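To keep things clear, I will list the structure first and then write my remarks on it.
Derivation of every value follows stated rules applied to the coordinates shown; laboratory data play no part. Because the structure is a prediction, the values reported are computed rather than measured. Cβ coordinates were reconstructed from backbone atoms using ideal geometry, including for glycine residues, and neighbour counts include every protein chain displayed.
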Amino acid sequence: MRPRSNRKSVAGHPRVTRATFKGTDQLIINIDEHRLLAASLIAALFLLLAVVAGMLAARQIGAKPRPFDASLTELAKDRDLLKR
């Protein structure tokens, strides 16, 4: 059994993604007038969602501490003690 993760998925469930694309396809196909406008607005929405997801990912990556931060701090203290 796989352990459950507490993290929320940015992409969501595959069924939701599939339904979203199916809905956008139907929207573009069924709008006879202004089909290019509908496709452009949907593309802009997806681009906006991608930018937001990228910003959230960058924030999560930036919030992590530096690797070996505690060890490097201790080494700096030891170096200062040895210089005295």
Using the count of nearby Cβ atoms within 10 Å as a rough guide to exposure, how do K83, K77 rank from fewest to most? K83, K77
Which value does Rg/Rh take for the range 14-83 over its C-alpha atoms, Rh per Kirkwood? 1.48
If you rank R84, R35, R18 by fewest surrounding Cβ atoms within 10 Å, what's the result? R84, R18, R35
Cross-link partners among aspartates and glutamates for K64, C-alpha distance below 17 Å, same-chain residues fewer than 8 apart left out? none
Report the FRET efficiency, 1/(1 + (r/R0)^6), for L37 and T17, where r is their Cβ-Cβ distance and R0 is 35 Å, rounded to 0.05. 0.90
